[in-house]
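Here's the structure, in structure tokens; my notes come after.
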Amino acid sequence: MREIGEGVRWLWRHRPLRALVLLLTVWNLVENAYVAVLVLYALEVLHVGASFYGLLLTGLAVGAVAGAAAAPWMERRWGTGGVIALTVVVDVVATSGLAVTRAALVAAALLGVVGFGAFAFNVVSATYRQTAVPDALRGRVTSAYRFATWGVTPLGAALGGLVAAGFGLPAVFLLAGVVLTAVSALTLPLLTNRRPAAGA
């Protein structure tokens, strides 16, 4: 616990990474909120069966593979901060689109866009973090980083269920877009277009 505490303290002092942790934590929270209700969304909003639900997941997976593959080129083209900003915008637009569409094929395409943005973000943000953290602290900082960003998974699922029960399934996607927009407005200005020097 003492070593994890050292990682937390280092992260807190590093403003760009602190912003990145907040952004990714909220992103994971809202993403898990709508993933938790995706089956119900397919059945009750899109009115598709089990076979088409598999196609929705395929769209998500294809987008994820494409995003991970494209991330290095995107970073060379637009820089770290540029890619992070672009992927947030892409995810917000696609997630908000899922709130309003009732067309199953459109939803599959939008989930592909969500997968693309999320995995391109993951690749670039992981490189950003690894570059910023000193070698001696990398394990501790990574533990603290993952505790924050992965620890919200069950909270996101619970949030998705509560919002869906109170306001309907489309509201989960709409809320995800609104919350991610608000948090990105606070965090993106702190993320630069270059990889930070270790210990910065």
Please name all residue pairs, on different chains or six or more residues apart, with Cβ atoms under 8 Å, provided the first residue is in segment 128-142 and is under 15 Å from VAL8 (Cβ atoms) and the second residue is in a helix (DSSP H, G or I) and among the acidic types (Asp, Glu). LEU137/GLU6; GLY139/GLU3; ARG140/GLU3; ARG140/GLU6
Sort out which residues of segment 81-112 are β-branched (Val, Ile, Thr), under 12 Å from the mean Cα position of the chain (by Cα) and farther than 25 Å from PHE167 by Cα, and write them in order of number. ILE84, THR87
Got a number for residues in segment 152-168 being in contact (Cβ under 8 Å) with a residue 40 or more places away in the chain and not in a helix (DSSP H, G or I)? 1
For the structure I just gave you, tell me whether TRP27 is under 16 Å from ALA185 (Cβ atoms) and in contact with a helix residue (DSSP H, G or I) (Cβ under 8 Å, 6 or more places away or on another chain). yes
For segment 125-135, which positions are more than 12 Å from the chain's Cα centre (by Cα) and in a helix (DSSP H, G or I)? ALA126, THR127, TYR128, ARG129, GLN130, THR131, ALA132, ASP135
Conditions (1) under 27 Å from ARG15 (Cβ atoms); (2) in contact (Cβ under 8 Å) with a residue 40 or more places away in the chain: number failed by VAL172: (1)
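Laboratory data are not the source of any read-out in this text; all were calculated from the coordinates shown. Remember, it's a predicted structure, so these values are computed and weren't measured experimentally. Every residue, glycine among them, receives a Cβ derived from its backbone with ideal geometry; neighbour counts consider all protein chains shown.
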